[in-house]
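Trainee: One structure is given below, represented as structure tokens, and several questions about it will come after.
The values are calculated or read from the model by the stated rules, or taken from the named source; none is laboratory data. This is a predicted model, so every value here is computed, not measured. Cβ: placed from backbone, ideal geometry, glycine included. Neighbour counts: every protein chain shown. Only protein heavy atoms, including side chains, enter the accessible area calculation; ligands, DNA and RNA are left aside. Shrake-Rupley method; radii C 1.70, N 1.55, O 1.52, S 1.80 Å.
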Amino acid sequence: MAFKSSLAIPPAADPFFASWDASAATPCNFTGVTCRGSAVTALSVHDLNVSAESVPFDVLCGSLKSLATLSLPSNALAGTIAGVDACVGLQELTLPFNSFSGEIPDLSPLTGLRTLNLSTNAFSGSFPWSALAAMPGLQALSAGDNPYLTPTKSFPPEITRLTNLTKLYLSAANIAGPIPAGIGRLTRLVDLELADNPLTGEIPPAIAQLVNLQSLELYNCSLAGALPRGFGRLTKLQFFDASQNQLTGGLSELRSLTRLVSLQLFYNGLSGEVPPEFGEFRELVNLSLYNNSLTGELPQKLGSWSALNFIDVSTNLLTGPIPPDMCRRGTMLKLLMLENRFSGEIPATYATCTTLQRFRVSKNSLTGEVPEGIWALPSGRSHQPRSSTSRATSSPVASATPSGKPRRSPVSTSPGTNSPARYPRR
């Protein structure tokens, strides 16, 4: 009950705590509490917006000797987490999306941890990387979105020894230096997120050993060089974002990644052609390749099989006709192809693409009439040129408000399923 006493409980959370009666003989009937026999093994209070200036972890751990799960995500809990290291039986410690601050204590007593999630808080000081050596069974490590952590001098070597990891979320955790070859030892990884860090060097070839990856997030770092040879072996990959780096070279390593749902490589120095195999991808929804130096034609079958809803290939050197079927499935929302060298006419198929919210093809070498139906797009979603007979080259079709998306939730249990792809602003 000391835990409940520390909380400010909003009215919406009252039903959850209605069973928490101080006169009860046992807490095992409390909502959010799980017991084995008479021993409390789990405490889960999530998404209730309860607040606290501090949480009495020392009391909690001292009184609940059998506690294996402590899950308090998505509330408004503050203060430090000092004392949580006394919960020596913990297998799961989940505290994301709160306002915890101060230094993270030495967690090495928590040798049985399988899940450690401290992401999206306001922790400061150095993360206790050395404590990870005491957690060989760790399967999920999330400490991202803690921008006040002391920057590392290099990639923490302890991470590459956690060979049971399936999820590693360390975006915006002030991790510096090259990604080490040792990352290739983490062959069970399904989700690897290292974005928004001062990472340098190239994407290591060893990353091609992570054949179980479904999500790889490396955007907004300082990575350079080409996609490593063998990257095409990551055939389970669904979400790949390495935007806002200094990557060079071509896209040929991506030809075999047929399960891609979202591919985002904008703001790099990539060159060469867009692989024709992309036109055969059946699950691709988001393709963001703008601000590169790509050449050649877009695959003419692009969109023939997949339910695309976002394409931005603007500001490249692409040529040839605009593929006609990118709205074939009737799901396209934003189609941005400006500042290239596309030629020919705007395909008439887009005149019936009523889902389009944004359609931009300006600064190309297009000719012919703008299809009449373009002007009948949903009200407020297109900008009409002066007349229905204007040339496409002189009267681009544009749309209204740009939109963007924050990073995927670090507590997503399945990559990409709990939130949409990270669309750029444009």
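Trainee: I'm checking my understanding of the structure. Among residues of the stretch 56-70 that are surrounded by fewer than 15 Cβ atoms within 10 Å (Cβ to Cβ) and of a type in the set (Ser, Thr, Tyr), which one is farthest from SER38 (Cα to Cα)?
Mentor: The selected residue is SER63.
Trainee: Residue check: is GLU297 over 17 Å from LEU260 (Cα atoms) and either hydrophobic (A, V, I, L, M, F, W, C) or touching a Lys or Arg at 6+ places or on another chain (Cβ under 7 Å) (or both)? Working first, answer last.
Mentor: Working: over 17 Å from LEU260 (Cα atoms): yes; either hydrophobic (A, V, I, L, M, F, W, C) or touching a Lys or Arg at 6+ places or on another chain (Cβ under 7 Å) (or both): no.
No: the conditions fail for GLU297.
Trainee: Would you point out which residue out of THR163, THR150 is touching a residue at least 24 places away in the same chain (Cβ under 8 Å) and closer than 21 Å to ASN98 by Cα?
Mentor: Values: THR163 fails: closer than 21 Å to ASN98 by Cα.
On inspection, the qualifying residue turns out to be THR150.
Trainee: Also, I was wondering about something else. Filter the stretch 75-116 for residues that are open to solvent by less than 10 Å² (accessible area, probe 1.4 Å) and under 23 Å from ILE9 (Cα atoms); which is farthest from the chain's Cα centre (by Cα)?
Mentor: Here the answer is VAL84.
Trainee: Please specify each residue of the stretch 268-283 satisfying the condition of being part of a loop (DSSP other than H, G, I, E, B) and without any contact (Cβ under 8 Å) to a residue 40 or more places away in the chain. Quick ask: steps written out before the conclusion?
Mentor: Restricting attention to the stretch 268-283, the residues satisfying the condition of being part of a loop (DSSP other than H, G, I, E, B) are 268, 274-275, 281-283.
Answer for the stretch 268-283, where residues must be part of a loop (DSSP other than H, G, I, E, B) and without any contact (Cβ under 8 Å) to a residue 40 or more places away in the chain: ASN268, PRO275, PHE281, ARG282.
Trainee: While we're looking at this one, here's another question. Pick out the one residue from SER5, SER63, SER44 that is under 31 Å from the mean Cα position of the chain (by Cα) and within 26 Å of SER101 (Cα to Cα).
Mentor: Numbers: SER5 fails: under 31 Å from the mean Cα position of the chain (by Cα); SER63 fails: under 31 Å from the mean Cα position of the chain (by Cα).
None of the others qualify; the one that does is SER44.
Trainee: Can we say SER388 is modelled with pLDDT under 55, farther than 30 Å from ALA195 by Cα and either hydroxyl-bearing (Ser, Thr, Tyr) or not in a loop (DSSP other than H, G, I, E, B) (or both)?
Mentor: Numbers: modelled with pLDDT under 55: yes; farther than 30 Å from ALA195 by Cα: yes; either hydroxyl-bearing (Ser, Thr, Tyr) or not in a loop (DSSP other than H, G, I, E, B) (or both): yes.
For SER388, the condition - modelled with pLDDT under 55, farther than 30 Å from ALA195 by Cα and either hydroxyl-bearing (Ser, Thr, Tyr) or not in a loop (DSSP other than H, G, I, E, B) (or both) - is met.
Trainee: Among the numbered criteria (1) under 25 Å from the mean Cα position of the chain (by Cα); (2) crowded, with 23+ Cβ neighbours inside 10 Å; (3) not aliphatic (A, V, I, L, M), which one does THR315 miss?
Mentor: THR315 satisfies all of (1) under 25 Å from the mean Cα position of the chain (by Cα); (2) crowded, with 23+ Cβ neighbours inside 10 Å; (3) not aliphatic (A, V, I, L, M) except (2).
Trainee: Scan the stretch 245-290 for residues that are over 20 Å from the mean Cα position of the chain (by Cα) and either of a type in the set (Phe, Trp, Tyr) or open to solvent by 40 Å² or more (accessible area, probe 1.4 Å) (or both) and report the count. Show your work before the answer.
Mentor: From the stretch 245-290, those over 20 Å from the mean Cα position of the chain (by Cα) are 248-253, 255-256, 269-282; that's our starting set.
Of the ones still in play, those that are also either of a type in the set (Phe, Trp, Tyr) or open to solvent by 40 Å² or more (accessible area, probe 1.4 Å) (or both) are 248, 252-253, 255-256, 271, 273, 276-278, 280-282.
Selection size over the stretch 245-290: 13.
Trainee: Also: Open to solvent by less than 30 Å² (accessible area, probe 1.4 Å) and in contact (Cβ under 8 Å) with a residue 40 or more places away in the chain: does that describe LEU210?
Mentor: Details: open to solvent by less than 30 Å² (accessible area, probe 1.4 Å): yes; in contact (Cβ under 8 Å) with a residue 40 or more places away in the chain: no.
No: the conditions fail for LEU210.
Trainee: Name, by its number, the condition in (1) out of contact with any Pro (no Cβ under 8 Å at 6 or more places or on another chain); (2) closer than 22 Å to ARG282 by Cβ; (3) part of a loop (DSSP other than H, G, I, E, B) that does not hold for THR315.
Mentor: If we test THR315 against (1) out of contact with any Pro (no Cβ under 8 Å at 6 or more places or on another chain); (2) closer than 22 Å to ARG282 by Cβ; (3) part of a loop (DSSP other than H, G, I, E, B), just (2) comes out false.
Trainee: Of the residues that sit in the stretch 157-166 and are open to solvent by less than 20 Å² (accessible area, probe 1.4 Å) and over 17 Å from LEU199 (Cα atoms), which one is nearest to the chain's Cα centre (by Cα)?
Mentor: Selected residue: LEU165.
Trainee: If you don't mind, there's one more thing I want to ask. Please go through the stretch 345-373 and give me each residue that is in a helix (DSSP H, G or I) and either of a type in the set (Ser, Thr, Tyr) or within 16 Å of GLY330 (Cβ to Cβ) (or both), ordered by number. Even if it seems obvious, please write down each step before you answer.
Mentor: Here is the first cut: in the stretch 345-373, the ones in a helix (DSSP H, G or I) are 348-352, 372-373.
If the condition is that a residue be in a helix (DSSP H, G or I) and either of a type in the set (Ser, Thr, Tyr) or within 16 Å of GLY330 (Cβ to Cβ) (or both), then ALA348, THR349, TYR350, ALA351, THR352, GLY373 are the ones that fit.
Trainee: Restricting the stretch 138-156 to residues that are in a loop (DSSP other than H, G, I, E, B) and under 18 Å from the mean Cα position of the chain (by Cα), which is nearest to GLY89 (Cα to Cα)?
Mentor: Initial filter on the stretch 138-156 (in a loop (DSSP other than H, G, I, E, B)): 138-139, 143-148, 150-156.
Adding the requirement that they be under 18 Å from the mean Cα position of the chain (by Cα) leaves 143-147.
Working: ALA143: 21, GLY144: 24, ASP145: 27, ASN146: 26, PRO147: 29 Å.
Here the answer is ALA143.
Trainee: Has the stretch 227-244 got at least one residue that is touching a Phe, Trp or Tyr at 6+ places or on another chain (Cβ under 9 Å) and open to solvent by 10 Å² or more (accessible area, probe 1.4 Å)?
Mentor: Looking through the stretch 227-244, at least one residue is touching a Phe, Trp or Tyr at 6+ places or on another chain (Cβ under 9 Å) and open to solvent by 10 Å² or more (accessible area, probe 1.4 Å).
Trainee: For ALA39, all conditions in the list (1) within 28 Å of ASN164 (Cα to Cα); (2) open to solvent by less than 50 Å² (accessible area, probe 1.4 Å) hold save one; what is the number of the exception?
Mentor: ALA39 satisfies all of (1) within 28 Å of ASN164 (Cα to Cα); (2) open to solvent by less than 50 Å² (accessible area, probe 1.4 Å) except (1).
Trainee: Restricting to the stretch 192-207, give me the number of residues that are among the charged types (D, E, K, R), open to solvent by 10 Å² or more (accessible area, probe 1.4 Å) and under 17 Å from SER171 (Cβ atoms). Spell out the reasoning first.
Mentor: Within the stretch 192-207, the first condition is being among the charged types (D, E, K, R), and the residues that meet it are 193, 196, 202.
Subset that is open to solvent by 10 Å² or more (accessible area, probe 1.4 Å): 196, 202.
Adding the requirement that they be under 17 Å from SER171 (Cβ atoms) leaves 196.
Looking only at that region, the number is 1.
Trainee: May I pose another question? Restricting attention to the stretch 246-264, and to residues there that are out of contact with any strand residue (DSSP E or B) (no Cβ under 7 Å at 6 or more places or on another chain) and part of a loop (DSSP other than H, G, I, E, B), which single residue is nearest to PRO299 (Cα to Cα)?
Mentor: Ranking the candidates gives ARG255 first.
Trainee: Sticking with this structure for a sec: Which of the residues spanning the stretch 26-51 are under 23 Å from GLY89 (Cβ atoms) and of a type in the set (A, V, I, L, M)?
Mentor: Filtering the stretch 26-51 down to residues under 23 Å from GLY89 (Cβ atoms) leaves 26-46.
Hits for the stretch 26-51 are VAL33, ALA39, VAL40, ALA42, LEU43, VAL45.
Trainee: Quickly run through the stretch 193-224 and pick out the residues that are outside any loop (DSSP other than H, G, I, E, B) and within 20 Å of SER288 (Cα to Cα). Outline the logic, then answer.
Mentor: Going residue by residue through the stretch 193-224, those that are outside any loop (DSSP other than H, G, I, E, B) are 193, 199-200, 202, 205-209, 215-217, 224.
Correct list: GLU193, SER215, LEU216, GLU217, ALA224.
Trainee: What residue, of LEU308, LEU302, is out of contact with any Leu (no Cβ under 7 Å at 6 or more places or on another chain), modelled with pLDDT of 95 or more, in a loop (DSSP other than H, G, I, E, B) and open to solvent by less than 10 Å² (accessible area, probe 1.4 Å)? Don't jump to the end; show me each part of the working.
Mentor: Values: LEU308 fails: out of contact with any Leu (no Cβ under 7 Å at 6 or more places or on another chain).
Matching residue, one of LEU308, LEU302: LEU302.
Trainee: Could you list, in sequence order, all residues of the stretch 320-344 that are over 25 Å from the mean Cα position of the chain (by Cα), over 17 Å from PHE278 (Cβ atoms) and either aromatic (Phe, Trp, Tyr) or outside any loop (DSSP other than H, G, I, E, B) (or both)? Quick ask: steps written out before the conclusion?
Mentor: Step one: of the stretch 320-344, the residues over 25 Å from the mean Cα position of the chain (by Cα) are 320-325, 327-330, 338-344.
Filter once more, keeping what is over 17 Å from PHE278 (Cβ atoms): 330, 338-339, 341, 343-344.
The answer is ARG341, SER343, GLY344.
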